[in-house]
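Read through the structure below, which is laid out as structure tokens, and then see the notes.
What follows is calculated from the coordinates using simple rules that are stated; it is not laboratory data. What you see is a predicted model; the values in this text were computed from it and never measured. Heads up, the Cβs are rebuilt from the backbone with ideal geometry, glycines too, and the neighbour counts pull from every protein chain shown.
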Amino acid sequence: MPLARAKIVVAVGGGIAAYKAAELVRLLDKAGAHVEVAMTSRAQKFIGPMTFQALTRRPVFTDLFSLADEGQIGHIQLADRADLVIVAPATANVIARLAAGMADDAVSAIVLATRAPVLLAPSMNVNMWNHPVTQQNIRRLADVAGYRVVGPGDGFLACRWTGPGRLAEPADIVEAAAHLLSPQDLAGKKLVVSAGPTYEAIDPVRFVGNRSSGKMGIALAAAAQRRGADVTLVLGPSAVPPPVGVQTRNVETAAQLQWALGDAVKGADAVIMTAAVADYRPAKEAKEKLKRGELGSKMSVALVANPDVLAELGTKRKGKSPLLVGFAAETEDVIANARKKLSAKKCDLIVANDVGEPNAGFSVDTNHVQLVDQNEVVDVPPASKSEVAHRILDKVVAMLTADSTSRKPRRK
Ligand code: CTP
């Protein structure tokens, strides 16, 4: 399940890192999750429920024994409707109480009552963390209850000690949450994703490029990683940071992209080409910056064709070749053009989109695509690029599964 559809309870323990839980809640809310917050009474000494109420636009569950709280929220309903419970910060005290199966405050009662996965983000003094009892409690929660743990990070702590004990970065907690919520249907699979534009130099300052932001490919790499794949991202110049933990190879030109891919595709199960590879590059790259004064009122740049990287991967297949997925950015006859690319480039699937459509294609955070293979055309309704990435991966998983159960080669 993507974060955007998940119901997440953030259970806040009483430690100095409680203020960072506000940033965690903000990031989860931004990712589209439905977030509800529960707090221990000690947590309320560090940060007020009002902050979380404002961030989530929902009442905050603070008191198990308050008629008002139970009437409005109800800890069992909260525990029942959660798809995931994140305990952040999970203090030594909270961890000990959870390991003992206690349920006498808002946080412990929800954690004990839920059947959803639980993610602990510990934060405490380094000696508390290293204490054998805390370590035993953590192991017990992991082994007996299957709780997952993210962090703690290593560094300078509020208590002036240095060592493990820092709450994991909120972005890393979000990533761990997304991973836990995702089906691990790409575990053991190697995926290669290319993304972004390529820049082909005219001189040291100018280039021929295109409007691709890299967002769709980066969303695919992140989603595949969350579903358990080992992902290599070959990324052209993009202002968007690559997903944390994804092995990224930065390239600039089509030639570099082709070279990086040639290496990365070895042993891959699937290759997804979202990169908007420049079809042409300047025939000559000037060593020095071209000067307007010397060029006069007109100039032309001779271009030569770049290799069609996807078509070369498709036509030179031999042995056990990876599933090949191409993209087709079109402004007219979308499906007909996608079908032509499917057969000309000998790939298994084309993700077609009408880049003329508002809220689809380059730069924006949403997309509307159609999945075109030899048998069918499937419309993926407009959604965030992350959501669209998951629908594309659903299809990739289905094709990889069909492949492994069928004896027939994927294509002649
Ligand atoms: N592609 C590629 N190498 C190129 C051009 C495109 O590998 N030199 C890949 C893209 O990554 C994409 C698919 O081919 O997966 C289709 O790209 P697109 O730009 O839509 O099509 P083109 O082949 O460039 O054809 P046209 O520009 O005529 O639509």
Determine the percent antiparallel among the DSSP beta bridges restricted to the chain, to the nearest 5.
-> 30
Of all trypsin sites (Lys or Arg not before Pro) in region 208-280, the ones in DSSP coil with at most 14 other Cβ atoms within 10 Å are Arg211, Lys266
At 1.002 mPa s and 20 °C, Stokes D of region 236-289 from Kirkwood alpha-carbon radius, µm² per second = 160
Using a Gaussian network model of the chain whose springs link C-alpha atoms within less than 10 Å, name the residue from Ser384, Ser343, Ser212 with the highest mean-square fluctuation.
-> Ser343
Report the extension gain between Arg211 and Ala344 in nm, rounded to one decimal, defined as 0.36 nm multiplied by the number of residues separating them, less their alpha carbon distance.
-> 45.4 nm
Longest segment of the chain lacking GluC sites (Glu not before Pro) that sit in a DSSP loop with at most 11 other Cβ atoms within 10 Å = 1-287
Percent of all alpha-carbon pairs of region 7-181 at distances over 26 Å, whole number, is 19
Could you work out the Kirkwood radius for the chain, taking every pair of different alpha carbons, averaging 1/r and inverting it, reported in Å?
-> 23.8
Cα centre as origin, Lys/Arg/Asp/Glu Cβ charges: the chain dipole, Debye = 1100
In deg cm²/dmol and to the nearest 500, what is the mean residue ellipticity at 222 nm of the chain if only DSSP H runs of at least 4 residues count, each as -39500 (n - 2.57), divided by the residue total?
-> -10500 deg cm²/dmol
Once you treat every alpha carbon in region 190-407 as an equal point and sum by Debye, what is log10 I(q)/I(0) at q = 0.07, 0.09, 0.12, 0.13 Å⁻¹?
-> -0.22, -0.36, -0.63, -0.73
Greater than 29 Å apart at Cα, pairs in Lys318/Lys340; Lys266/Lys340; Lys287/Lys385 | Lys287/Lys385
If the cut-off is 18 Å between C-alpha atoms, which lysines fall inside it for Lys20, apart from same-chain ones fewer than 8 positions away?
-> Lys30, Lys45
Of the candidates Gln53, Ser66, Leu78, the farthest towards the positive dipole end of region 1-112 (Lys/Arg Cβ +1, Asp/Glu Cβ -1, centred on the Cα centre) is Gln53
Total formal charge among the other residues, if their Cβ is under 14 angstrom from that of Ile202, Lys/Arg +1 and Asp/Glu -1 = +2
Gaussian network model of the chain, Cα springs within a sub-10 Å range: biggest mean-square fluctuation belongs to which of Pro132, Pro197, Pro89?
-> Pro132
So which trypsin sites (Lys or Arg not before Pro) in region 119-170 are both in a DSSP loop and have at most 16 other Cβ atoms within 10 Å of their Cβ?
-> Arg160
Extension gain Ala100-Leu303, at 0.36 nm per residue separation less the Cα-Cα distance, in nm?
-> 66.0 nm
Would you please name the chymotrypsin sites (Phe, Trp or Tyr not before Pro) within region 36-66 that are DSSP coil residues with at most 12 other C-beta atoms within 10 Å of their C-beta?
-> Phe65
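Pull up the DSSP beta bridges for region 7-181 and report the antiparallel fraction as a percent, rounded to 5. Spell out each step's value before the answer.
Working: 4 of 21 bridges.
Among the beta bridges of region 7-181, antiparallel pairing accounts for roughly 20 percent.
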Within-12-Å neighbourhood charge of Ser213 [Cβ basis; K, R +1; D, E -1] = +2
Putting +1 on Lys and Arg Cβ atoms and -1 on Asp and Glu Cβ atoms, find which of Met124, Pro307, Leu233 reaches farthest to the positive end of the dipole of the chain.
-> Pro307
